[in-house]
1. Cα atoms only: what Rg and Dmax, in Å, come out for the chain?
2. Dipole of the chain (Lys/Arg Cβ +1, Asp/Glu Cβ -1, origin at the Cα centre): which of Pro147, Pro263, Thr374 lies farthest to the positive side?
3. Compute the signed sum of charges (Lys and Arg +1, Asp and Glu -1) over the other residues within less than 10 Å, Cβ to Cβ, of Gly289.
4. Take the alpha-carbon centre of the stretch 236-277, take the same for the stretch 114-134, and report the distance between them in whole Å.
5. Given C-alpha coordinates of the stretch 137-200, what is the ratio Rg to Rh with the Kirkwood estimate of Rh?
6. Under a Cβ-Cβ cut-off of 9 Å, what is the net charge of the residues other than Thr103 that fall near it, where Lys and Arg count +1 and Asp and Glu count -1?
7. Got a sec to turn the phi values of the stretch 232-237 into Karplus ³J(HN,Hα) couplings, 6.51 cos²θ - 1.76 cosθ + 1.60 with θ = phi - 60°, whole Hz, x for Gly and Pro?
8. Using the 10 angstrom Cβ neighbour count as an exposure proxy, how do His40, His210 rank, fewest first?
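Each reported figure results from applying straightforward, stated rules to the coordinates on display, with no laboratory input. In this text the structure is predicted, and so the values were computed from the model without any measurement. Cβ placement follows ideal geometry from the backbone for every residue including glycine, while neighbour counts extend to all protein chains displayed.
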Amino acid sequence: MKALVVGGGGREHAIAAALARNPETHVFSVMAKRNPGIAHIAKKILLHKETDTGRVLAFAHECGVDYAVIGPEAPLEAGIVDVLEAAGIPCVGPSRAAARLETDKAFCRELMHRYRIPGCPEYRVFHDTDDAVAFVENYDGDLVVKPVGLTGGKGVRIMGEQVDREGAIEYVRSLHGVAVIEERLLGEEFTLQAFADGKSLVPMPLVQDHKRAFEGDTGPNTGGMGSYSMPDHRMPFVKDADYKKALDIMMATIAAMAQEGHPYKGILYGQFMNTANGPKVIEYNARFGDPEAMNVLSLLSSDLGETACGIADGTLCSKAVTFDKKATVCKYLVPEGYPDKPVPGDTVTVGDHTGALLYYANIEERDGRLATLTSRTLAFVGMGDTLEEAQEHAEKAASSVKGNVRYRRDIGTVKLLNQRIAHMKELR
Ligand code: AMP
Ligand code: GLY
């Protein structure tokens with residue numbers, strides 16, 4: 001089979017690598033920047049804007065691909081699935097209308113509210129700046145202010161943590177129009193990703209991402225600095241009942257999408273806050289998480305291509321999807337100054353990284369040298385029978401890299417995990 005992978009980050013490198021584990025799957029790629037890892041795997045690449053749906057379709061025809069896997073959210077929002085499927089190329093990814101679960105935060109909250117889906121925080125959607133400002137001025141408690149559209153995970157301001165009331169008001173004003181304002185949820189975050197074929201979901205192992213730039217969860221929000229997963233595919237601070245609730249929330253959401261006439265297929269990414277009262281939805285994404293894709297796809301022991309076909313033709317089967325019972329730790333290396341003032345153009349040299357998988361992201365190959373760009377550079381995934389073992393592999397590999405890059409040493413450590421467990425105990 002011939003598979004087209006759209007996108008050129010660490011997530012898409014992991015997708016391409018998972019597909020290519022079946023020697024009968026030939027990978028083709030469209031990406032805006034040349035990812036050396038994907039370029040190495042792919043039979044043919046097109047360096048082009050991923051949101052140019054017409055050009056992507058032409059390339060898909062040229063290569064005679066059987067199906068396409070869409071990595072990032074921007075092409076989904078541009079309607080790439082609608083365009084490819086209208087031309088007879090099935091996709092792993094939702095239609096533009098179904099992708100609104102991610103691309104329109106107001107739509108997502110209103111859908112959950114309309115269908116009485118549990119796990120929806122208290123929220124208000126504002127279309128007028130003055131109304132929103134008045135609401136923030138008079139609200140008693142902490143709030144979260146979000147733009148409705150895509151922001152690469154960097155558009156949220158949390159009052160009571162990142163900003164004070166004045167800061168929240170200033171932020172509301174800067175949005176010039178629609179904003180979602182919601183209660184601030186307290187708890188521990190976890191990610192539940194699932195394959196979806198429009199009717200049913202097949203869940204993947206739970207992962208915990210680390211959004212903050214610096215150790216100890218400090219500094220600005222980033223696209224994600226790294227993530228880990230446990231050998232039992234759960235999290236020690238997520239009880240069976242919490243897990244079941246989270247999965248039920250996601251199933252209710254895809255049932256609602258089907259009722260709306262926009263069946264959801266592709267990858268459904270649920271970002272949850274496990275609160276004292278159980279899991280609440282922070283947001284949905286219409287695609288794999290980045291970095292979370294690297295954790296789960298490194299563990300996937302069944303054929304991703306087969307699952308992709310099951311998604312595309314509505315015959316997804318949980319029995320056919322299997323993951324190794326191992327822990328994973330993913331650490332992203334990022335340019336110095338990332339995310340606010342990244343310094344690009346520095347040479348990076350990868351040393352001995354035996355024991356860890358290497359996924360390239362925003363990096364440039366020039367005359368046989370690798371150089372940083374402005375976003376996340378590359379990631380290592382360590383695996384092991386225990387979290388410690390996985391962490392050691394990831395840490396050893398990350399510390400082998402020379403150049404003007406940094407990473408979070410604390411991700412995947414037992415110390416950090418114990419803090420999360422203690423935090424959850426305290427809340428309950
Ligand atoms: P998002 O762009 O929606 O993924 O939000 C980015 C980050 O902001 C999340 O990973 C959370 O850490 C935080 N966040 C978003 N919404 C809330 C909320 N309602 N309460 C507390 N934290 C939130
Ligand atoms: N890791 C968060 C995201 O992919 O949006």
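1. 20.6, 61
2. Farthest towards the positive pole: Thr374.
3. Counting the neighbours of Gly289, the net charge comes to -1.
4. With the stretch 236-277 and the stretch 114-134 each reduced to a Cα centre, they are spaced 20 Å.
5. 1.08
6. After counting each charged neighbour, the total is -1.
7. Taking θ as phi minus 60°, the curve returns 8, 6, 10, 10, x, 9 Hz for the stretch 232-237.
8. Values: His40 12, His210 24.
With the fewest neighbours first, His40, His210 line up as His40, His210.
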